[in-house]
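Data first, discussion second: the structure below is written as structure tokens.
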Amino acid sequence: MIDLMIRGGRLVTPEGVFLGNVAVDGEQIVAVGQFDFPARRTIDASGSLVLPGLVDAHVHMQCNAWGAVSPNDFYRGTVAGALGGVTTIVDFATQVRGRPMMEAVEALRAQADGNTVIDYSMHLSITDASPATLQEIKRIVAYGIPTFKMFTTYRAHNIMVEDDEILAICQRVHECGGLPGAHAENASISERNYERFEAAGLRAPSYHALAKPDYVEAEALSRMLLLARAAGSRLYVYHLTTAWGVELVRHARQAGQPVLAETCPHYLTLTRALLDRPDGVNWICSPPLRDNTDLEALWAALLDGTVAVISTDEAGFNAADKRRAAAAGPLDQIPNGLPGIEMRLPVIFTQGVESGRLSLERFVALNCANPARICGLYPRKGTIAPGSDADLIVVDPKKRVRLSAQTQHMPTDWCAYEGMDVTGYPAYTIARGQVIVDQYRFCGERGRGAFVPGRLDERLLEQV
């Protein structure tokens, strides 16, 4: 007798949609297809969609920046994620410049271990290219962290890397079998704009977007693409936001450069007009929200493969902290980021699948399979197949919810998608064989989530 049978659902993979059953024993999927095994528990998925658990490849739990700490810690944040169909997150261990990267890894593990309710992995935010750091990259990759992030901005936070460092890091990461990536914003232009606005007393939230126009992303991205090409390495682009950026990535890919890109739900559904509201400070994030033309370019890029991943960039600071910072000081000192780990599935299902922009197969590729491949977690994560972890969600495609601070489970005191009507919510979330969301209610265990090491496979990256 097996532990769990999910019977009669429409199973969704990037390759197709078909009626079938999923058998789970212990922590793994043991069979997929038309069969009938006796089971200790059966979930009737008739009329529902059965998807791999979502992999959120870009989160910042318990984010400590700009003098504030986001309330979505590794327990409450992963509970909210589970209720939104997320079964794996990938957070960031950020190196202190001049210090060993493993210190950052150990610090993040100290926060996450014993607290997460779902599995987690990591990227390494690398902040210098000293000989010691370059030497340590091999150890970090061997540990199970093959993806590295470089910042072309945030000079004042001492995490920005210069062009010579970028080139050296790309070369070394590639040598060690890893994947370098970039937060691409031009520091000099945005810093100058912030100084100019501050001198003129211009502190309205809308000036945050004006300080970082589309060419701030485009310039930094074009530079990163050139440096990665010179280094002979792949490049992963975190949170792409602009039509100009889409054009650069598309052109590079068409020219044969191995570049991969992600975007986020807020860049697909929200615009910078929100910054003009009385509470517009809430929507300050970096890169900033853009315009409708950028949204449409990003949707097109999801369809043609230019953008391979949808992640949330979860960094949900409380509105009270944002207001406090806005009242106290310059615009560039306001906590940046939006809460969203819980909202990705219903928002993208509604705006993508229900609207006809995305097929179910493409939805699963963007939210499950591709992020797992890019983070080195596939096929353990991101697919419905025998031998894979039993990370599964049963989605009611007709479940309707009006998103709000009152209906969300994230501990932030506001909702980035307030008032948005969405369709499609996970009735069940199964994480490594355990039902942790049962009929829309969380029933999981604090600390059951574990660190999952990533191992990149070049053949899988070529499929993205």
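The values are calculated or read from the model by the stated rules, or taken from the named source; none is laboratory data. Computed from a predicted structure; not experimentally measured. FYI the Cβ positions are ideal-geometry reconstructions off the backbone, even for glycines, and counts take in every protein chain you see.
Kindly indicate whether residue 390 is surrounded by 24 or more Cβ atoms within 10 Å (Cβ to Cβ), touching a Gly at 6+ places or on another chain (Cβ under 8 Å), hydrophobic (A, V, I, L, M, F, W, C) and at pLDDT 95 or above. In short, yes. Of all residue pairs spaced 6 or more apart or on separate chains, those with beta-carbon atoms under 7 Å, a first member in the range 271-293 that is farther than 15 Å from residue 414 by Cα and at pLDDT 95 or above and a second member that is buried (at least 20 other Cβ atoms within 10 Å of the Cβ) and β-branched (Val, Ile, Thr) are 287/241; 290/241; 290/242. Quick check on the range 75-97. Is at least one of its residues assigned to a helix (DSSP H, G or I) and surrounded by fewer than 22 Cβ atoms within 10 Å (Cβ to Cβ)? Yes, the range 75-97 has at least one match. Just one of the numbered conditions (1) without any contact (Cβ under 8 Å) to a residue 60 or more places away in the chain; (2) within 25 Å of residue 335 (Cα to Cα) is not true of residue 76: (1). In the list 425, 440, which residue meets the criterion of being closer than 21 Å to residue 118 by Cβ, buried (at least 17 other Cβ atoms within 10 Å of the Cβ), among the aromatic types (Phe, Trp, Tyr) and in contact (Cβ under 8 Å) with a residue 24 or more places away in the chain? Of 425, 440, the one residue that is closer than 21 Å to residue 118 by Cβ, buried (at least 17 other Cβ atoms within 10 Å of the Cβ), among the aromatic types (Phe, Trp, Tyr) and in contact (Cβ under 8 Å) with a residue 24 or more places away in the chain is 425.
Here residue 422 clears all of (1) in contact with a Leu (Cβ under 7 Å, 6 or more places away or on another chain); (2) at pLDDT 95 or above; (3) in a loop (DSSP other than H, G, I, E, B); (4) β-branched (Val, Ile, Thr) except the condition numbered (3). Select from the range 127-149 the residues that are closer than 30 Å to residue 192 by Cα, in contact with a Gly (Cβ under 9 Å, 6 or more places away or on another chain) and in contact (Cβ under 8 Å) with a residue 40 or more places away in the chain and list them in ascending order. Of everything in the range 127-149, just one residue is closer than 30 Å to residue 192 by Cα, in contact with a Gly (Cβ under 9 Å, 6 or more places away or on another chain) and in contact (Cβ under 8 Å) with a residue 40 or more places away in the chain, namely 149. Of the residues 179, 108, 124, the single one that is free of Cβ contacts under 8 Å to residues at least 24 places away in the same chain and buried (at least 20 other Cβ atoms within 10 Å of the Cβ) is 108.
Yes/no per residue for (1) part of a loop (DSSP other than H, G, I, E, B); (2) over 21 Å from the mean Cα position of the chain (by Cα); (3) under 23 Å from residue 326 (Cα atoms):
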site: 224; (1), (2), (3): no, no, no
site: 230; (1), (2), (3): no, yes, no
site: 260; (1), (2), (3): no, no, no
site: 275; (1), (2), (3): no, yes, yes
site: 300; (1), (2), (3): no, no, no
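If the condition is being farther than 20 Å from residue 98 by Cβ, among the charged types (D, E, K, R) and assigned to a loop (DSSP other than H, G, I, E, B), then the range 110-155 contributes only 113. Checked against the criterion of being assigned to a helix (DSSP H, G or I) and touching a Phe, Trp or Tyr at 6+ places or on another chain (Cβ under 8 Å), the range 337-346 has at least one qualifying residue. There is no residue in the range 320-338 that is free of Cβ contacts under 8 Å to residues at least 12 places away in the same chain and on the phi > 0 side of the Ramachandran plot.
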